[in-house]
Amino acid sequence: MTRYDGRVATRADRERFLKKIDQAVRELRSRRVAGRWSIAPPLWRGLWRLGVKIPPPHFMPFSHYCLVLALWFGFLVSVVALLWYDVSWHTFVAIVIAILVSGVLVRFKAWSCSLPRWEDYPFVDEDVFE
């Protein structure tokens, strides 16, 4: 994950990050790592549009991936609980199991394809060659 170093992110930093995301997604598609919705899920695309610097799921550590999903599904279950008042503990258990299984599958796929950590992912800025 990108570490906070006290700098304010500039537009150029954001554009460079989005280019790195595009490059990674294109490479994962060309290597047939996973389908389009698995490489860049809608939740991640939404976070990227909001300016959150979060790597694609296949480049995230297991704990960070599970944390992002837990926060998202925790929010959704809270909204459902507020609207319908009928959320049992079974729902929470099912969500936790789904998050853990999803995390294991994503990390296994990244491991089997020998994907590097996001910080070590080689980024080639195409503007340099133009």
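What follows draws every value from the coordinates through simple rules; no lab data is involved. What you see is a predicted model; the values in this text were computed from it and never measured. Cβ sites come from the backbone with ideal geometry, for glycine too, and all protein chains shown count toward neighbours.
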Q: Report, in degrees rounded to the nearest 10, the 0 to 90 angle that the Cα long axis of helix 62-84 makes with the longest principal axis of the chain.
A: 40
Q.
Using Cβ counts within 10 Å as a stand-in for footprinting exposure, how do 27, 15 rank, fewest first?
A. 15, 27
Q | Per-residue Cβ neighbour rank within 10 angstrom, fewest leading, 68, 77 | A | 77, 68
Q: Please name whichever of 62, 114, 83 sits farthest to the positive end of the charge dipole of the chain, dipole taken about the Cα centre and charges placed at Cβ: Lys and Arg +1, Asp and Glu -1.
A: 114
Q. Of 111, 84, 44, which has the largest mean-square fluctuation in a 10 Å C-alpha GNM of the chain?
A. 84
Q. Okay, helix-only estimate at 222 nm for the chain: each DSSP H run of n ≥ 4 adds -39500 (n - 2.57), divide by all residues, round to 500 deg cm²/dmol; what do you get?
A. -20000 deg cm²/dmol
Q.
Can you tell me how region 41-130 classifies by the Cα gyration tensor, rounded, prolate or oblate, using a/c under 1.5 as the rounded cut?
A. oblate
